[in-house]
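**Q** Handing you a structure now.
The values are calculated or read from the model by the stated rules, or taken from the named source; none is laboratory data. Please read these numbers as outputs of a predicted model, since none were measured by experiment. Cβ coordinates were reconstructed from backbone atoms using ideal geometry, including for glycine residues, and neighbour counts include every protein chain displayed.
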């Protein structure tokens, strides 16, 4: 049991993110900033870019939906608006799920660090 606690403590001491832990919770902007520094950095960049594209397309389609007179064409613009809003919502949900995952990983690392520090103090 002593060996595993030592390994956890050494791994967390080597991890630079473990030193940034505090008792305060990270706010949303800090989690978003961390997400662009992690292993899924490229994925986050792509998803945020897609969100911006879908938001722009939704505004574009909604503008033409409002200004169109012909009902057939108006239905097409409505379908475009709805589909881009749904695509934006899906990308947004994915982003928030990833932020939740990062928050959970952060808490697990904090608990691991506390357990290893407690184990070290009780062994002395």
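**Q** Just to check your reading of the model, which residue among 95, 78, 82 is surrounded by 14 or more Cβ atoms within 10 Å (Cβ to Cβ) and modelled with pLDDT under 95?
**A** 95
**Q** Among the numbered conditions (1) touching a residue at least 24 places away in the same chain (Cβ under 8 Å); (2) under 30 Å from residue 3 (Cβ atoms); (3) assigned to a helix (DSSP H, G or I), tell me where residue 105 comes up short.
**A** Unmet for residue 105, out of (1) touching a residue at least 24 places away in the same chain (Cβ under 8 Å); (2) under 30 Å from residue 3 (Cβ atoms); (3) assigned to a helix (DSSP H, G or I): (1).
**Q** Can you give me the number of residues within the stretch 62-71 that are surrounded by 14 or more Cβ atoms within 10 Å (Cβ to Cβ) and either at pLDDT 95 or above or under 33 Å from the mean Cα position of the chain (by Cα) (or both)?
**A** Counting residues in the stretch 62-71 that are surrounded by 14 or more Cβ atoms within 10 Å (Cβ to Cβ) and either at pLDDT 95 or above or under 33 Å from the mean Cα position of the chain (by Cα) (or both) gives 3.
**Q** Identify, please: which residue in the stretch 14-50 is modelled with pLDDT under 65 and either touching a strand residue (DSSP E or B) at 6+ places or on another chain (Cβ under 6 Å) or in a helix (DSSP H, G or I) (or both) and is, among those, surrounded by the fewest Cβ atoms within 10 Å (Cβ to Cβ)?
**A** Out of the qualifying residues, it is 14.
**Q** Next question. Let me confirm something: among 59, 75, 90, which residue is free of Cβ contacts under 8 Å to residues at least 60 places away in the same chain, under 27 Å from the mean Cα position of the chain (by Cα) and over 28 Å from residue 101 (Cα atoms)?
**A** 59
**Q** Scan (1) over 14 Å from the mean Cα position of the chain (by Cα); (2) modelled with pLDDT under 95 for the single condition residue 101 breaks and write down its number.
**A** Checking residue 101 against (1) over 14 Å from the mean Cα position of the chain (by Cα); (2) modelled with pLDDT under 95, the one that fails is (1).
**Q** Pairs under 6 Å by beta carbon, first residue in contact (Cβ under 8 Å) with a residue 60 or more places away in the chain in the stretch 113-124, partner part of a helix (DSSP H, G or I) and surrounded by 10 or more Cβ atoms within 10 Å (Cβ to Cβ), six or more apart or different chains?
**A** Qualifying pairs under 6 Å: 113/12; 113/18; 116/5; 116/8; 116/9; 119/5.
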